[in-house]
1. Report the label-to-label distance for Arg395 and Leu5 in nanometres (one decimal), using points 7 Å from each Cα along the Cα→Cβ vector.
2. Working out 0.36 nm times the residue gap between Cys215 and Cys320, then minus their Cα-Cα distance, what length gain in nm do you get to one decimal?
3. Pop the C-beta distance of Ser284 and Asn63 into the FRET formula with R0 = 22 Å and round what comes out to the nearest 0.05.
4. Which GluC sites (Glu not before Pro) in the stretch 316-421 pass both tests, a DSSP loop state and at most 14 other beta-carbon atoms within 10 Å?
5. Whole angstrom only: what separates the Cα centroid of the stretch 306-356 from the Cα centroid of the stretch 224-285?
6. Averaging sequence separations of C-alpha pairs under 8 Å and six or more residues apart, then dividing by the length of the stretch 337-428, give the relative contact order as a whole percent.
7. What do you get for GluC sites (Glu not before Pro) in the stretch 1-93 restricted to DSSP loop and a cutoff of at most 11 other Cβ within 10 Å of the site's Cβ?
8. Please report Rg over Rh for the chain, where both radii come from the alpha carbon positions and Rh follows the Kirkwood definition.
Amino acid sequence: MLESLHTLGFTLSAFARPQLGRSRLKRYQWRKLQEIVRYAAAEIPFYRDCFRRHGFDPASLQNPEDIRNIPILDKRGMTELRESFSREEIARRHLVEHKTSGSTGAPIRILRSPAEERRLNMLRWRMQMMLGLRPGDRLAKVKTTWEPLSKQYDRLQRLAGKVGFLDARIFDCFENPAESHRQLLDFQPHVLSGYPGALVRIALTHIEQGRELKCLRRVGSGGESLLPNQRQILEEAFGVPVYDVYGSSECNLAAWQCDETDHYHVNDDGILLEVCRNGVPVASGETGEVVITSLHSRTMPIIRYRLGDLAEAGPLQCPCGSPFSTIRRLQGRIADLFDLPDGRVIHPFEVLNEIVVEASDWIAEYQLVQTAPGCFFLECVPRRPAGEERLARLRAAVLAVLGPTTTLVIKLTDRIARSESGKLHFCRALR
C-alpha cells in the first residue's frame, strides 16, 4: 500500500513538473543528481572504490561545473558493477533485468527494483501523453515478441487496458509485413510505434494496397536510427506526423522529438544527459558522445555512463517553450565510424547524405558494411526497379565520399537480415 502511494505521488509530480518552468526542473534534477552520487558513494562498493581511485569526493559536488570531476563509466565498469550482484540477491529482491542489444559488442545487463521500473515507465507514459496519446486510444507496437515485457510494465499495461485507459498490443517485427499490415487494419490503432525498419516494411505494403488506417494520428520510431528516407516513406504511407524517441536499456527514456523544432527534448527529471568531448560538455551546435546519469536508479546506479552514441548538443531550453533541455541531432554509434585507408575517420552520415540525395526515391532500406579498411558492401532493398544508370550514380556518389582508395560492391535484395533483437543496423564498421 505504501509503495502504491509513493508511485502515485511520483506520477502526479512527474506530470506537474513540466508546468513549473525550467528553473524548477533544473533544481529538481540537481537535487536528484547529488542524492544519487552520495548514495552510490555510501552504499555501493564499486562506486566507493571508483571515486576513491579517481580522487573524487561526493561532498565536492556543489555546482554543475563540478559534474565533470565525476569519473566517466564505460562498458567494462558497467559489467563489473552488474557482476557484483549474486543470483540469490537478484531473486530475493525481485529485481528486474534488462539486456542491451549488444550492438557494440557484448550486451550489458541492467538491474532495477520494481519501484524504479515503475517510475521510469511512468516517465515514458508521460512522454506519450505529451505527444498526444489519449485515454481510450489503441496503441500498436511493432517489436520483438519473444522478449517478454518486464512484469511491472506488463502489469501496468494490462491495468490500463482493464480500466479502458489504453488498448496496447504488440505486433511481431519478424512477421511477414503483409500479415502485420492485415492485423493493423483489423486493430485500427490511433498510435503506431516500433523499429523504423519494421515500420517501413509495413508502410510499403500499405502504399501498395491503398488501404486506410482511419484512426491513426501519429507514428513513433525508436530502438534504431530513423533515417531520412525512412521518415519520408512513413509520412508518405500514413499521412500523419512521425516522431522519433531516443532511449536505452540503461535509462529507459532519454529524449523525444519536438513537434515544432525537430530538436529532441531530454527527459531531464529522469536523467542527466551530457554531450561530451574528453569528458567535458560541449557547447550547443557541437558534436560529442552521449553520457548519461540515471536519476532514479539506486539498485544499480548509472552515473556518467558512456552510452556509445554521438549527438549534437542543442539549446539548454527548447525554443518551443518547453522547459526541457535539448539535443539537436542523433548521429549514431561511435563504434560505426569508418577508418579509411587514406587516414581519414568519417561518420556514416557523410555517406548516408549521398545515398539519400541520390536514391531516396527508389531505395526502401539499406545497410553499408565495411568488410576491410578499403572495401565496402552496400546492400539495398529497392522500392522500384533501379536501372543501371541509377546504380552508377549511387556508386559514384558514395565513392566520392569514401575516396579513390576504396572499392564498393552494391547488391540489390528483397530483405536485409535483422539482428537477434529485430533491429536493422544501417552501417557496420570494422571497429
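Quick note: the coordinates plus some simple rules give every number you see, no bench work behind them. As the structure is a computational prediction, the values presented were derived from the model and not from experiment. Positions of Cβ are generated from backbone atoms using ideal geometry, with glycine treated the same way; all protein chains shown enter the neighbour counts.
1. 7.3 nm
2. 35.1 nm
3. 0.65
4. Numbers: sites: Glu350, Glu354, Glu358, Glu365, Glu379, Glu388, Glu389, Glu420; in loops: Glu420.
Listed in order of number, the matching sites are Glu420.
5. Cα centroid of the stretch 306-356 versus Cα centroid of the stretch 224-285: 11 Å apart.
6. Relative contact order for the stretch 337-428 comes out at 32 percent.
7. When the GluC sites (Glu not before Pro) of the stretch 1-93 are filtered for loop state and at most 11 Cβ neighbours within 10 Å, Glu83 remain.
8. 0.96
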